[in-house]
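Notes to accompany the following structure.
The values are calculated or read from the model by the stated rules, or taken from the named source; none is laboratory data. The structure presented is a predicted model; accordingly, all values stated were derived computationally and were not measured. As a convention, Cβ positions derive from the backbone with ideal geometry for all residues, glycine included, and neighbour counts pool all protein chains shown.
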Amino acid sequence: MSLQEQFAQAQLDSKNLPERPDNMTLLKIYALFKQASSGDVGGERPGFTDMVGRAKYDAWAALKGTAQDEAMQQYVDLIDELKDQ
């Protein structure tokens, strides 16, 4: 199975995890997905009144410079780990 296929399967699997991950793990899932699918974060950081948007932006920005294939692999590995819990 190619990395693209594994990534697509991990996206499906992420919707059927045995239990809901904690907020920090959810942010990591989001950031890895965005880095893998869109590359480095762009645009302006949301204002202080948008705490959720700001947290998502910061999580994604922390992965700046990570190759999309590497982010895909990390996403697949994280979802696999969460499935096995």
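Odds and ends about this structure:
- Here is the figure for the range 12-27: residues that are exposed (fewer than 15 other Cβ atoms within 10 Å of the Cβ) and out of contact with any helix residue (DSSP H, G or I) (no Cβ under 6 Å at 6 or more places or on another chain) total 10.
- Whenever a residue of the range 1-29 is of a type in the set (D, E, K, R), its partners that are surrounded by 13 or more Cβ atoms within 10 Å (Cβ to Cβ), lying with C-beta atoms within less than 6 angstrom and at least six residues away or across chains, give the pairs 13/79; 13/83.
- Matching helices (runs of 4 or more DSSP H) fully within the chain where at least 3 residues are in contact with a Gly (Cβ under 9 Å, 6 or more places away or on another chain), of a type in the set (A, V, I, L, M) and at pLDDT below 95: none
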